[in-house]
1. Write out the trypsin sites (Lys or Arg not before Pro) in the stretch B:151-250 meeting two conditions: DSSP loop, and at most 16 other Cβ atoms within 10 Å of their Cβ.
2. Starting from the Kirkwood radius over alpha-carbon pairs of the stretch A:55-98, derive D by Stokes-Einstein at 37 °C in a medium of 0.692 mPa s and give it in µm² s⁻¹.
3. Taking Cα centroids, how far is the stretch A:184-253 from the stretch B:176-193 in Å?
4. Thinking of the stretch A:99-183 as a set of Cα atoms, what percent of all their pairs are more than 22 Å apart?
5. In whole angstrom, how long is each semi-axis of the equivalent ellipsoid of the stretch A:116-248, when you take the square root of 5 times every eigenvalue of its Cα gyration tensor and sort them from largest down?
6. Based on the Kirkwood radius over alpha-carbon pairs, what is the Stokes-Einstein translational diffusion coefficient of the stretch B:158-234 at 4 °C with 1.567 mPa s viscosity, in µm²/s?
7. A:Thr192 versus B:Arg78, label points 7 Å from Cα toward the beta carbon: distance in nm?
8. Helix-only mean residue ellipticity at 222 nm, the protein assembly as shown, DSSP H runs n ≥ 4 weighted -39,500 (n - 2.57), per residue, nearest 500. What is it?
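Derivation of every value follows stated rules applied to the coordinates shown; laboratory data play no part. Computed from a predicted structure; not experimentally measured. Ideal geometry is used to build each Cβ from the backbone, glycine not excepted, and the neighbour counts take in all protein chains shown.
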Amino acid sequence: MHGRVTTATPRANRTREDTGFDAAAFGRTIWQVGQAVLVFAVLGFLIWRGAQSMDYSWQWYRVEPFFFREIDGEIIWGPLVRGLMETLRLAGIAGVIAILIGFVAAFARLSDSIAGRIVSKVYLEAIRNTPLLVQLFLFYFVLAPIFGIDRFWAGVLCLAFFEGSFAAEIIRGGITAVDKGQYEGADAIGLTAVDKYRFIIVPQSLPLILPPLTGLLISLIKHSAIVSVIAVSELTTAGLNLIADTFMAFEVWFLVAGIYLSVTITLSILVSMFEHSLNKGKR
Amino acid sequence: MLDASVRPLVEITGMCKWYGQFSALHDINMTVNEGEKVVVCGPSGSGKSTMIRCINQLEAHQKGTIMVDGIEVTPDMRNIAEIRREVGMVFQSFNLFPHMTILDNLILGPMRNRGVSKKDATDLAMHYLERVHIAQQAGKYPPQLSGGQQQRVAIARSLCMKPKLMLFDEPTSALDPEMIAGVLDVMIELAEEGMTMICVTHEMGFARKVADRVVFMDEGEIIEVAGPEEFFGNPQSDRAQLFLSQLLGH
């Protein structure tokens, strides 16, 4: 072998061998699908049997007006749809404010200013170490009367400050994850601190920040259910009212959960598509 | 020795730096005249990089003075901005901005700091990209380029700021062997055009060709200063002899 010289086969001429149909892998897929079907069938059966044994009389035929009614060719939206719209409005506004708070708190925490660091640290610890429900009561019973805000905005601000503390940590993490060399590169060409963050650091931390931040917005939609305790007329409140009127507790809670689930799952799918396209853009 | 045309561009006097209790630099004295090329070498941890990073204040020194082009370097932000406009720096790890095209990497500094219009900045950038032989790649992103090409872009990016002084911090240490020559050629061309340069490097061929002086550092101190032929041929200090024997030993 010693002293042997070979000519390389050109890459284009090297073909990958076709291994044909992988029966074992196909078998594994079938088994996984079968397993999933079995699990859901058992769960569904248990719920049905449980309700049966309680003599619960299902009245699914009555639920359509919860969504909409058609009167004289005009569609009147039912309480669940109106509740969902209010939930989305609440979560949307709170989400925007939460992200703003997050950026401010993250930069305050990263700044040289002692006051800024203390304020943001106290904010984060206070929010993360007290129950959301207690914060809501503080906003509604203490801050709202002082500042003269209504229950909707008390709910929005409470959720915004709550999620803002998580947003701040996500944003801070994204910014500190940018390589130290990028700061030095920006410094070496003499960029000002503002330009450095605007052109170099923040654009590079966005791909790290955006996916968890959109995840945060999804959990914001779920957390928004809590404002039903101060009677903001969102989806969960609509559900409570319907049950008080109709006593159809099982149907209504299944519907409410189903609506939350379909909204959050849709958003999750959008986020993962978005994440995918972000990664594709990366070279 | 008193020549009216020789003007000191960098004057470092009695500079010291500590990291906590650890003395990183001790009593550094060095003058670099306009047009001079100085190569700094020494074992790792000897403070070479730290010294040149103090010149544009990527690191702050604690004692002594650094004068760049007649301005004293102080930790004041406005002063630092002024110094950094005059001093270009090339890093071991390039530090190009990966989310911007090559062209955008080059025009950002002149546009934001020197108030150059986009068109003029683009002309300037293309001029320097041509000089480092990668004008065809202007629309690409840094990660699409080889290491050697990225380092040449980094040199062009510094040159776009029209610096009076260029600092090189081990510019070829992170490169594959076949990439080094292209970068050194660009540096040699730059030296021949009269750029003032301080280079931390162990490339002896480069040092022999362009250096006016070689500064040898060890344990945070300047141990020996000599012309390249004398230094590599007949080092005076024990530590320089040891260092060179290790460098050439295999």
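1. Details: sites: B:Arg152, B:Arg157, B:Lys164, B:Arg208, B:Lys209, B:Arg213, B:Arg239; in loops: B:Lys164.
Passing sites in the stretch B:151-250 are B:Lys164.
2. This corresponds to a translational diffusion coefficient of 261 µm²/s.
3. Between the Cα centres of the stretch A:184-253 and the stretch B:176-193 lies a distance of 51 Å.
4. 34 percent
5. Gyration-tensor ellipsoid for the stretch A:116-248: 39, 17, 11 Å.
6. Working: Rh = 13.5 Å.
Roughly 96 µm²/s, to the nearest whole number.
7. Label-label distance for A:Thr192 and B:Arg78, simple model: 1.2 nm.
8. Values: 20 runs with 291 residues, N = 533.
Calculated from helices alone, the mean residue ellipticity at 222 nm is -18000 deg cm²/dmol.
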